[in-house]
Amino acid sequence: MSRLHSVKLNRDLCVGCTTCIKRCPTEAIRVRNGKAQIAENRCIDCGECIRVCPHHAKSAVMDTLDDLKGTAFNVALAAPSLYAQFGPPATRGMVLAALGLLGFDAVYEVAQGAEIVTASTAAFVQKALEEGRRPLISSACPVVVRLIQMRFPGLVENLVPFDSPMEVTADLARRQLAEKTGLPQEKIGVFFISPCPAKRTAVINPIARASSAVNGVIAISDLYPQILAGLEKMDAKTALQEGERLLTAGSTGVRWAYTGGEAIALHMERYLAVDGIHNVIEILEEVENERLHDVDFIEANACLGGCIGGPLTVANRFSAHARQRAFVSRAPEEARQGPQTAPDLPLESWKELPLPNPAMQLDEDIVQAMQKYEQLKQIVAGLPGLDCGACGAPDCEALAEDIVRGEAAETDCIFKLKERIRAVAAVMSDLGEEMNRYAPNREEDPHDTP
């Protein structure tokens, strides 16, 4: 994959089993010559292929702690889903303190940025609903935003036009730490501790902004062993002191880790919270087809369970959800003990909405596209409709699309190939009979030996 993506394929480990092509939500993967291929213009870095590949041929390209050496002062941004990876007796403060021991000079809760986003979203949604615009769709999940850009470009205008909590927290940390340390902002390294590869992609290929405020993205799964070791060595006094010093968010931001957390914080009745990329697609199809009239706000998460179910987390998403609920319930009491420095910042909305991704268009010219679509339908009608994947495409319609694009042949379908072979064999048989019929009878030569 190119540097604009964080999901990579290891061809040496790929056996061409076709498992991944069935799960990719944008049909970005094909199997050709016995190996998977990922179409860069279609990949949205959701990580579904990482989850399902039985041979571990897909993985995430993430940053590491070694990248901290490039900046004088480094800050860690802890995703709300980080806490749920650790069970009792660990507290939020203890997890943040253990994270700080890994070479970071400061630690910020992204839950703090989530609360800032919540406040701005509530005001924006209220105004939009008064203007008759609905349903509004959360832009917090970068996978969902890129999915909309590609498969549902007509819904781009429904997106809530604010940066993600990661970016908001990064901007806040840079400003505050530059003022505190006297360092220029470019000397401050900001690293997000992430549950998914899509966040790294959002840093190297930002959504609706020229550049990201984040320097690097490190997987939760990569830091889990070190954080766990730090927790096991932490004494009660350090845990209490560091915890109180680092906590800046309340239950509103901590709840963002699981499905429904963002929507609940908006105090709306007519909301819908959906998780799992394929479930998200079903809901967006309903919105696109104007069949969803009783919903004002949609919180859409690509991962089942929300961010606690990300492909780069460690804990089972069900146990993680139970742990996170406990963290949410304790947050009000911890908020009274902690410094609570979360500022009330009104966010600026995006200057421009994300542009549609034309990767799924058959042609830039609408007339040509319609002609190719008719051709596609004719090809589909001639295919067996088994969607077996033996051709290397996820289903028969995808193969037909590849044929129309000139990227495949009808005989890539094993059944069509068999039909062609039988037809050729029948023709050869008929030709053989014709040749035997018209061949002159050969008279016996008396000199021929028996």
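Before moving on, here are some points about what is shown:
- Within region 243-323: Cβ-based charge dipole about Cα centre, in debye rounded to nearest 20 (Lys, Arg +1; Asp, Glu -1): 620 debye
- Taking Ala210, Ala84, Ala170 in turn, the Gaussian network model of the chain (Cα-Cα springs below 10 Å) assigns the largest fluctuation to Ala210.
- Relative contact order of the chain, taken over Cα pairs closer than 8 Å and 6 or more residues apart, is 20 percent.
- Calculated mean residue ellipticity at 222 nm for the chain: -13000 deg cm²/dmol, from DSSP H runs with n ≥ 4 weighted as -39500 (n - 2.57), summed, divided by the residue count and rounded to 500.
- Segments 18-24, 306-312, 40-46 sorted - mean Cβ within 10 Å per residue, highest first: 306-312, 40-46, 18-24
- Placed amide H near Val61: partners under 5 Å, 5+ positions off or other chain: Val7, Lys8
- Hydrophobic, long helices, defined as DSSP H runs whose alpha-carbon span along the helix axis is 18 Å or greater and whose mean Kyte-Doolittle value is at least -1.0, occur in the chain at 110-130, 165-181, 220-233, 366-382, 414-438.
- If you run the Gaussian network model on the chain, springs between alpha carbon atoms under 10 Å, then out of Arg437, Arg291, Arg245 the most flexible one is Arg437.
- Residues considered: Met94, Met166, Met428. Largest GNM mean-square fluctuation over the chain, using C-alpha springs under 10 Å, is found at Met428.
- Cβ-derived FRET efficiency at R0 60 Å, Asn279 paired with Met428, nearest 0.05: 0.70
- Test item: Cα-centred dipole of region 65-337, Lys/Arg +1 and Asp/Glu -1 on Cβ, debye: 560 debye
- Considering every alpha-carbon pair of the chain, the percent of pairs per 20 Å bin, from zero through the bin containing the longest distance, is 23, 48, 19, 6, 4, 1.
- Rg over Rh, two decimals, region 363-431 (C-alpha only, Kirkwood Rh): 1.08
- Here the contact order of region 182-297, divided by its residue count and restricted to Cα pairs under 8 Å and six or more residues apart, works out to 16 percent.
Bear in mind that the values in this text are calculations on the coordinates, not laboratory data. Remember, predicted model here, so these are calculated numbers, not experimental data. A quick note on method: Cβ atoms are made from the backbone with ideal geometry, for glycine too, and the neighbour counts reach across all protein chains shown.
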